[in-house]
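Since the structure comes first, as structure tokens, the remarks are kept for the end.
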Amino acid sequence: MEEEPLKPYNLKVAHFSEQGTRPKNEDRLFYSSFGANHHLLIVADGMGGYDDGDLAAEIAIKTISDIVTNIEGSILESIELAFFKAHTTINKKLLNAGATVGGIIFWEENIYAFWTGDVKIIISNGSDTFVSRDHTLLNTLRDAQITIKPEEVKRLKSTVMRSVGGKANSYSPEIVTFKRNGKCEGLICTDGMLQFHDGENLIEMIGDNEVFRDNFATAYKDAIDNVTVLGFIVE
């Protein structure tokens, strides 16, 4: 477990990544300050059922971070361009690989949350809480009000409809923007974390000032999937 501040304002970052029982850990994370009072946090999850998920996650993070930390013009357009280039680069360099991605940009007093697939983003922003909604086949069918058999939920939940690379229907990120409202804390995590905690539990953990020291001190070595969390507090 690591914890360190990012300058120039008081943003503290903590993270961990456990391999679980997978042959290798295909999760990747990244955080950096850039420009004047700007910060970027990203988590990428190499997709199961494909080859080279770890390489796809690395390409996604490098491509997105390179473009976003050198923004020219619109932030929203830069995020969309970054995902397009990540998608095309993965498909060009790797025959059968993809990754789901979630990230946050702190741009002075603005917050930009963006994701594709089932990487989860949770932000407690003053009195408001934001929880990203996964781009899965389960949610797509629910939105269409299609009846789902209980035994099908697990499979549908693990089938993503958006990814960079891979065979998903779309690579385009969903983007949500809002103003920072006082104390702001949250996390980005891969879907492996949701084996242990649902969204409500994670929100409670974020609300604890010792969240990065105590609640995440548990080792997740017995997890089936990889478990990766990148958390933050802004005061």
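The values are calculated or read from the model by the stated rules, or taken from the named source; none is laboratory data. Since the structure is predicted, the reported quantities are computational estimates derived from the model, not experimental observations. In this analysis, Cβ positions are derived from the backbone assuming ideal geometry, glycine residues included, and neighbour counts consider all displayed protein chains. Side chains are part of the model used for accessible areas, which takes the heavy atoms of the whole protein and leaves out ligands, DNA and RNA. Shrake-Rupley method; radii C 1.70, N 1.55, O 1.52, S 1.80 Å.
By how many nm would the segment from Asn70 to Lys154 lengthen if fully extended, with 0.36 nm per residue of separation less the alpha-carbon distance?
Values: separation 84, 0.36 × 84 = 30.24 nm, distance 3.94 nm.
So the extension gain works out to 26.3 nm.
What ³J(HN,Hα) values, in whole Hz, does the Karplus curve 6.51 cos²θ - 1.76 cosθ + 1.60 give for the range 135-143 when θ = phi - 60°, with x put for Gly and Pro?
8, 10, 5, 4, 5, 4, 5, 4, 4
For the range 51-99, what does the accessible surface come to per residue with a 1.4 Å probe? Please give it in Å².
On the way: 2470 Å² over 49 residues.
Accessible area per residue, the range 51-99: 50 Å².
Given points 7 Å out from each Cα along the Cα-Cβ axis, report the Asn169 to Thr129 separation in nanometres with one decimal.
2.9 nm
How much area per residue is accessible in the range 105-189 when the probe is 1.4 Å and only protein heavy atoms are counted (Å²)? List each step's numbers first, then the result.
On the way: 4170 Å² over 85 residues.
The answer is 49 Å² per residue.
For a 21 Å ceiling on Cα separation, which of these pairs sit above it: Lys62/Lys93; Lys120/Lys149; Lys92/Lys167; Lys24/Lys92?
In this structure, Lys120/Lys149; Lys24/Lys92 exceed 21 Å between Cα atoms.
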